[in-house]
Each structure stands twice: as structure tokens, then as C-alpha cells.
Amino acid sequence: ESASVIKLYTAATVFTDLENVTGQETYEGETGELLGRMISASDNDAANELVRRLGGGDTGAGMEKVNAFAKANGFAETHMGRLMLEENPSDDNYTSAADCGKLLAMLSGGELAGSEMILDYMKAQERTGKIPAGLPEGVSSANKTGELSDVENDAAIIFGENGAYTVCVMMSGLSDTSAARSVIREISAQIYEYMCP
């Protein structure tokens, strides 16, 4: 289950849609604010509004655009099946560490519309208690978390001394989410030591 990590794919779809329609890659005004809130603050209402706008007022059509984006870019294990906090959904949102790693690499390489702005929103992330918290002080990162009652996810680009690298950790079926967050921090610290000895 992706939890709020699906918002990265939503943001990339919004920018791809903009580029396809207008040839531009920059959002300003209200849509830009919604994108910022969705990524940096993980705002569910902002995410749902952006999906609605993607579908021209139809949230189902908006979700299909996100799924079409995932399919077109080879994110084979990513699927959007419900809005954020939807009650009694018949489907769910899914992704994988492999898909997240590929998405982050594409954003880092500027391969997707809006890559720079999405990374800026991720660098302004308010939820930094997992992968970023395992890094030494002063090391910058760009991340997007996802949480459910039994899920702890984080996907991040770390800007280390030897260059940037990605880390994606996804945990589900948890009985102790606090312990899971500690494990994610430890994984992050160990990977940093390996990547930046």
C-alpha cells in the first residue's frame, strides 16, 4: 500500500498533463499552492482536489490519468484506486520500492515534466522523521512519506558528499509503527555510511 507516497505520482501526472496541454512546465497561483501542500505537508484535501482537476471535475477520470501516467512510464506496480481518506473504498493505492526508486531517479535526472518543482516541494518536506532523520546533520534530502495505521513508507533522494542517491523503504502489516520508523532511520544511517564512507 502506497499511502501518501502515491502523491508523488499525482504531482508528476499534473505536470505532465500541463506540459501536454500548454507546453509549459511551471505551475503558479492556486494549483502551485495545492501541489506544494500536497507534497511538502502531505495535505490530503489538496491531493484530492488535484485529482479532481486532472479529471476535469471527475475524480474517477483523474485517477485514471494517474494510472495512465504510471503505465506510460513503466511503473508496473503503481496503481491509484481511491482518493485520500476515502471511506469504504472498493480499491486502494499501491506502489513498490522499485517503482519509487525509478520515479526518484527520473525526477533527479530531469526526465519528467515539473521535475525541478517537484524536487523543490520534496526538499521543503515537513515530515522528516524517517529517512532524513537517519542522516548526519547538514546532509540535505528530498523526501515523501506515507503512513497508514499499519504502514510506514518513505522515499527520498539524499544529496551526499559523493553525489545523490535514492532510498525507498516500504513497510506494511505493522503492529508497531514507532518501531518501524526507528528501523527506517537505522536503514538510512547504514546506507549513508556505505554510500559516503
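The values are calculated or read from the model by the stated rules, or taken from the named source; none is laboratory data. Keep in mind that this is a model prediction, so the values were computed, not measured. Positions of Cβ are backbone-derived with ideal geometry, glycine not excepted, and every protein chain shown enters the neighbour counts. Just so you know, the surface numbers come from the protein's heavy atoms only, side chains and all, with ligands and any DNA or RNA stripped out. Shrake-Rupley method; radii C 1.70, N 1.55, O 1.52, S 1.80 Å.
Miscellaneous remarks
- Global form of region 100-197, assessed from the alpha-carbon gyration tensor, a/c cut-off 1.5: oblate
- Net dipole in debye of the chain [+1 Lys, Arg Cβ; -1 Asp, Glu Cβ; about Cα centre; nearest 20]: 240 debye
- Convex hull volume per residue in cubic angstrom - Cα atoms of region 1-94: 91 Å³
- Sorting 133-146, 76-89 by average packing, meaning the other beta carbons within 10 Å per residue, from highest down gives 133-146, 76-89.
- Region 36-156 shape via C-alpha gyration tensor axes, a/c threshold 1.5: prolate
- Derived scalar couplings between HN and Hα for region 6-19 equal 4, 5, 5, 5, 4, 4, 5, 5, 4, 5, 5, 4, 4, 5 Hz in order, rounded to whole Hz, by the Karplus curve 6.51 cos²θ - 1.76 cosθ + 1.60 (θ = phi - 60°), x for Gly and Pro.
- Positive-end residue of Met38, Gly56, Val183, charge dipole of the chain with Cβ unit charges: Val183
- Considering helices alone, the calculated mean residue ellipticity of the chain at 222 nm is -15000 deg cm²/dmol, with DSSP H runs of length four and up weighted by -39500 (n - 2.57) and normalised per residue.
- Arg127 sits with roughly 100 Å² accessible to a 1.4 Å probe, with DNA, RNA and ligands left out of the calculation.
- Among Leu18, Cys196, Leu148 - extreme Cα towards positive end, dipole of the chain, charges at beta-carbon: Cys196
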